[in-house]
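The values are calculated or read from the model by the stated rules, or taken from the named source; none is laboratory data. As the structure is a computational prediction, the values presented were derived from the model and not from experiment. Neighbour counts are summed over all protein chains in view; Cβ atoms, including those assigned to glycine, are modelled from backbone coordinates with ideal geometry. Heavy atoms of the whole protein, side chains included, go into the accessibility calculation; ligands, DNA and RNA do not. Shrake-Rupley method; radii C 1.70, N 1.55, O 1.52, S 1.80 Å.
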Amino acid sequence: MSRINNSFRLTGNLGTDPEVRYNPNNGKPIASFPIFSDSSYRNRDTGEKVEQGDWFDMTVYYEGLVDVIQKYTRKGSQIQVRGHMRKRVWESKDRKDDNGKSIKESRIEFVVTEIMLLGRPKDDTNAPEAGTTYTAPEGAGIPDDDIPY
């Protein structure tokens, strides 16, 4: 049986400056940022073009890519990211069911393993050329104990 590849590729603009925090378990940096990506489709009934967009929360665990995100991106930067999705499940610290038991919470995490810079800030002549791509080394996945929640 063939293996099914869990991956995504998304092009969009950063909605905020990247936020960097440090894993309390090992001190490694973790970057997170939202990307807005738009799309369009034709309404079947009217034939009108409908524009829409969505926000996606990205997470970067590989230290080299965290450095790239910190140095070369900010709110509004256009980038393309690739990576994989993981479902995180944890017991809530704040929410309880009727029996007082913690409720399980979850979210889908977009883990970035490749970044392509699509623009270059006008005020930064030292920034890499548009189209420069940075990739985490093969097997740079994150073990579960590196997740700080």
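Observations on the model:
- Using a simple spin-label model with pseudo-atoms 7 Å out from Cα toward Cβ, V89 and L118 lie 3.5 nm apart.
- Among V112, V60, V68: highest mean-square fluctuation, GNM of the chain, C-alpha pairs under 10 Å: V68
- Heavy atoms of K75 accessible to a 1.4 Å probe, total area in Å² rounded to 10: 140
- P(r) for the chain, from all Cα pairs and a bin width of 5 Å, is 2, 8, 15, 18, 16, 13, 11, 8, 5, 3, 1, 0 %, short bins first.
- Taking the accessible area of the range 3-47, probe 1.4 Å, and keeping the other protein chains in place, the carbon and sulfur fraction comes to 43%.
- Out-of-range pairs (alpha-carbon distance over 30 Å; input K75/K96; K71/K96; K28/K87; K28/K93): K75/K96; K71/K96
- ³J(HN,Hα), Karplus 6.51/-1.76/1.60, whole Hz, each residue of the range 43-56, x for Gly, Pro: 5, 4, 6, 9, x, 6, 7, 10, 8, 8, x, 9, 9, 10
- Accessible surface area normalised per residue over the range 1-133 is 68 Å², counting heavy atoms of protein chains with a 1.4 Å rolling probe.
- Percent antiparallel among DSSP beta bridges (both partners in the chain, rounded to 5): 95
- Calculated from backbone phi, Karplus (6.51, -1.76, 1.60) coupling profile of the range 94-110 in Hz, x at Gly/Pro: 9, 9, 10, 7, 5, 8, x, 8, 4, 7, 7, 10, 8, 7, 8, 10, 9
- Potential lengthening between N26 and R9 on full extension [0.36 nm per residue; Cα-Cα distance subtracted]: 3.3 nm
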